[in-house]
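The next block holds one structure in the form of structure tokens; read it before the comments.
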Amino acid sequence: MDNYHPKSWLLNSVNWFLVNIWNPYCRTKGIAETAEAWRIFDAVDTLLTYQNASGGCSSYEPTRGSERLEMLNAAEVFGNIMVEYDYIECSTAVITALSLFNKHWPDYRTAEIKRFKDGVLAFVKRKQQPHSGWYGNWGICFTYATMFVLECLESVDETYKTSLYAKKGCDFLLERQRPDGGWSESYKSCEQGAYTEHATGSQAVMTAWAVIGLIKADYPDIEPIKKGIKLIMDRQCANGEWKQEAIEGVFNKSCMILYQNYKFTFPLKALGMFAKKYPDERP
């Protein structure tokens, strides 16, 4: 990994750190009191080396070979493993992270960050599918990636009312909301490249993804959001947990993976966002 830096993190790790730890810490402690701000600058410097010619970002290094190398792929299970590819989740995570970074350090490498974000954003918009969703590579599938995109668009002030891309992304989600208020997507979406509902019905985690996307996009009608939140609440057990439902994770198109904490992380995030945005509403 030629671009590895010992004092930096990979793309999604940086985004997670900035959003969940650094931003709240800065609000409570004050940036002037933080002793290791250089770590964030190292991370941002590293992010700026990851952009591909397409404008998008891969997971740990820029693409360094041709897709034709897949002809040498000896794996019976994994697809697209011989070189790094552009990923919607990684690309959008970079925009979200850098947008948050800009709020705290607007004068650091300003022009370079703007060029980088503009290139990534153009890539993300080009990748919107004809049905208006985005294909996900690390979670199932269109629901997952569309959440990432709506979050990143919001970070650059593009929402349902101001961005055709955000509006179409919301419409994609709403067209697939089930009568019970939830969303349900099968791993077959990843294999076939087409949205496929899961045979078992609505899933709490995927419902949370859709709700998070709609809230981030500032979708103006609260009712479909309330229906999704109600389903999430109804699925919560008496001890506070959510039971494991259908599998939510994927990598390399056909390898499904169970992320045990997704059933806690995303429902809690969706519930928290709803409570913050609509403090007087009850599902």
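Below 11 angstrom from the Cβ of Gly55, what's the summed charge of the other residues (Lys, Arg +1; Asp, Glu -1)?
On the way: positive: Arg115, Lys117, Lys125, Arg126, Lys127; negative: Asp86, Asp118.
That sum, taken over residues with Cβ under 11 Å, equals +3.
Note on Ala75 and Lys230: the extension gain reaches 51.5 nm, defined as 0.36 nm multiplied by sequence separation minus the Cα-Cα distance.
Cross-linked pairs Lys117/Lys168; Lys125/Lys277; Lys227/Lys276: Cα-Cα separations exceed 24 Å for Lys125/Lys277.
Quote the Stokes-Einstein diffusion coefficient, in whole µm² s⁻¹, for the chain, based on the Kirkwood radius over alpha carbon pairs, a temperature of 20 °C and a viscosity of 1.002 mPa s. Intermediate results must be reported in sequence, preceding the final value.
Working: Rh = 19.6 Å.
Taking Rh from Cα pairs, D becomes 109 µm²/s.
Semi-axes of the equivalent ellipsoid of the stretch 133-283: what are they in whole Å, largest first, if each equals the square root of 5 times a C-alpha gyration tensor eigenvalue?
Calculated on Cα positions only, the semi-axes equal 22, 20, 13 Å.
Within the stretch 96-117, whose backbone N sits under 14 Å from a point 7 Å along Cα→Cβ of Ala37? Hits in the stretch 96-117 for Ala37 at 14 Å: 101-109. Each residue of the stretch 166-174 is assigned a 3J(HN,Hα), and the resulting list reads 5, 4, 5, x, 5, 4, 4, 5, 5 Hz, derived from the Karplus form 6.51 cos²θ - 1.76 cosθ + 1.60 (θ = phi - 60°), x at Gly and Pro.
Among the GluC sites (Glu not before Pro) in the stretch 75-183, which ones are in a DSSP loop with at most 11 other Cβ atoms within 10 Å of the Cβ? Mind listing them?
Details: sites: Glu76, Glu84, Glu89, Glu112, Glu151, Glu154, Glu158, Glu175; in loops: Glu76, Glu84, Glu158.
Passing both the DSSP loop test and the Cβ count: Glu76.
With the highest mean first, a sort of the peptides 204-212, 246-254 on other beta-carbon atoms found within 10 angstrom per residue produces 204-212, 246-254. Annotation for Glu241 and Tyr60: the two label points, set 7 Å from Cα along the Cα-Cβ direction, are 3.1 nm apart.
Readers should treat all values here as calculations from the given coordinates under stated rules, not as data from a laboratory. Small disclaimer: the values here were computed from a predicted structure and weren't measured. Every residue, glycine as well, gets a Cβ built from its backbone with ideal geometry; the counts of neighbours run over all protein chains shown.
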